[in-house]
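See below for the structure under consideration.
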Amino acid sequence: MEAHESNEDQTHGTGRRRLLGAAVLGAGGAVLGLPGAARAAGARAAAQADGGLKSLPVPTIIGHRGASGYRPEHTFGSYQLALDLGADIVEAGDLVPTKDGHLVCRHEPEIGGTTDVADHPEFADRRTTKVLDGVSVTGWFTEDFTLAELKTLRAIERIPANRPHNTLYNGRWEIPTFEEVLRWQDEQTRRRGKQVWIYPETKHPTYFRGLGLGVEERVAKLLHKYRKDQRNSPVILQSFEPTSIQRLNTLVDNPLVVLLSAAGSRPWDFVEAGDPRTVADLITPGGLREIAGYAQGIGPTLDLVVPKNADGTLGTPTTLVADAHKVGLVLHPYTMRNENPFLPKEFRKGTDADGYGNSFGAFQKYFETGIDGVFTDNPDTGLLARADFVNG
């Protein structure tokens, strides 16, 4: 998630979109007691006949890279804690390939900031500079390592200035593969007696396709293998590149979500293809209708839902929620965090980079817009905020 921390079968896509919309929006009407609850109940009943996303509460609390506010991201320690804290879905994980074609879970293909690779003299000569989606990046890259080599590394905290407490866990967990995540999901579902949901993302798919390491086909192959490639499967797929979602739409029947960065930015697949459109074009009513032809939801940055004023405080909500709902798309914006630097100015307390602000107040403001869920590094905070919102 977070861009740089940052028409396929129309009938088929619309059908899956309708199911997701009925499930999530229907549940929202019933749980929150919003206007139109009777219609929502009917939609929910229809969704229940098919199963799947009907089981998710609204607003859905999505553990961003696990419970990354408390453990190094994209580790089984983070994923496990997200479930223990009650997350409805775990974002496991951001998928990037290895040299020998395996998919692993890392925020970016560059792993110098999320692993102890710099402490491994045997890999010193792998440090290099590459151009990743138009940006020069120096470090170590997953595509230059075999899976066996990556398994000798251990994860570390990515933003220690904001989360010094997480550095306690540096070196404890290895890099998980997507296949390991799928097996873990099944194990946790059996152990907990309830379905565990995951929300993986294809990272930089155009970049990797250019290297002969197409991500979508590898994702589809594993989902087929574990029988998790159906409309009601507990796996939602996401990408910042619309063509990646379009490709997945031809390979699997899972719910699909297009991620959206800043309004003025362009998806990298658009840049490569010479498509001049920006995210601002994609969130127009026409752009949203196009997305609804092959996807079931969008994952916008929170600023696309409620932009910030010049002083960093929250401004007036946009029409994005209503516009997306009008064409049957759900919205799962990103990312809510407890620490001051990540909160709108009016919800900060003090100036400490690792200090917590009034994240409950910020959650409330975003929930009031009608979003269907939210990615958060702190699932426990999100769940308490949802309870306040639903019961308030």
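Here the 3J(HN,Hα) profile of the stretch 377-390, calculated from phi with Karplus coefficients 6.51, -1.76 and 1.60 at θ = phi - 60°, is 6, 10, x, 5, 5, x, 5, 5, 5, 5, 4, 4, 5, 5 Hz, Gly and Pro shown as x.
Applying the Karplus relation 6.51 cos²θ - 1.76 cosθ + 1.60 with θ = phi - 60° to the stretch 296-307 yields 3J(HN,Hα) values of 10, x, 10, x, x, 4, 4, 5, 6, 8, 9, x Hz, where x marks Gly and Pro.
For K345 and R277, a Förster radius of 25 Å and the Cβ-Cβ distance give a FRET efficiency of 0.20, rounded to the nearest 0.05.
Please give the solvent-accessible surface of K345 in Å², to the nearest 10, using a probe radius of 1.4 Å with every protein chain present. Rounded to the nearest 10, the figure is 110 Å². When the helices in the chain are scored as -39500 (n - 2.57) per DSSP H run of 4 or longer and the sum is shared across all residues, what 222 nm value do you end up with, to the nearest 500 deg cm²/dmol? Counting only the DSSP helices, I get -10500 deg cm²/dmol.
Figure legend: label point modelled 7 angstrom from the Cα of E122 along Cα→Cβ; residues of the stretch 131-168 with amide N under 14 Å from it are 145-154. Between the stretch 78-150 and the stretch 184-202, the alpha-carbon centres lie 22 Å apart.
Between the amide H of M336 and those of F375, T376, D377, distances stay under 5 Å, these residues lying 5 or more places away or on another chain, with hydrogens modeled in the peptide plane.
Along the charge dipole of the chain, which of A387, G315, V117 sits closest to the positive end, that is, farthest toward it, with unit charges on the beta carbon of Lys, Arg, Asp and Glu (+1, +1, -1, -1)? The residue sitting farthest along the positive end of the dipole is A387.
What net charge is computed for the residues neighbouring T152, neighbours being all others with C-beta under 9 Å from the C-beta of T152, Lys and Arg scored +1, Asp and Glu -1? So the environment of T152 carries a net charge of -1. Solvent exposure of the chain amounts to 38 Å² per residue of accessible area, where only protein heavy atoms count and the probe is 1.4 Å.
Above 30 Å, the calculated P(r) of the chain contains 36 percent of its Cα-Cα pairs. State which entries of K203/K345; K151/K194; K308/K349; K203/K349 exceed 28 angstrom in Cα-Cα distance in the structure shown. Where the Cα-Cα span goes over 28 Å, the pairs concerned are K203/K345; K151/K194; K203/K349. About its Cα centre, the stretch 172-257 has a charge dipole of approximately 320 debye under the convention of +1 per Lys or Arg Cβ and -1 per Asp or Glu Cβ, with nothing else charged. Measuring between their Cα centroids, the stretch 282-326 and the stretch 327-389 lie 17 Å from each other. With both labels modelled 7 Å from their Cα along Cα-to-Cβ, the Y226 to H165 distance reads 3.0 nm. Counting protein heavy atoms only, the chain has 52 percent of its accessible area on carbon and sulfur, 1.4 angstrom probe.
For the listed peptides 314-323, 168-177, 193-202, 329-338, a ranking on the average number of other beta carbons within 10 Å per residue, highest first, reads 329-338, 193-202, 168-177, 314-323.
The values are calculated or read from the model by the stated rules, or taken from the named source; none is laboratory data. These numbers were taken from a predicted model, which means no experiment stands behind them. Cβ: placed from backbone, ideal geometry, glycine included. Neighbour counts: every protein chain shown. In case anyone asks, the SASA skips ligands and DNA or RNA and just uses the protein heavy atoms, side chains included. Shrake-Rupley method; radii C 1.70, N 1.55, O 1.52, S 1.80 Å.
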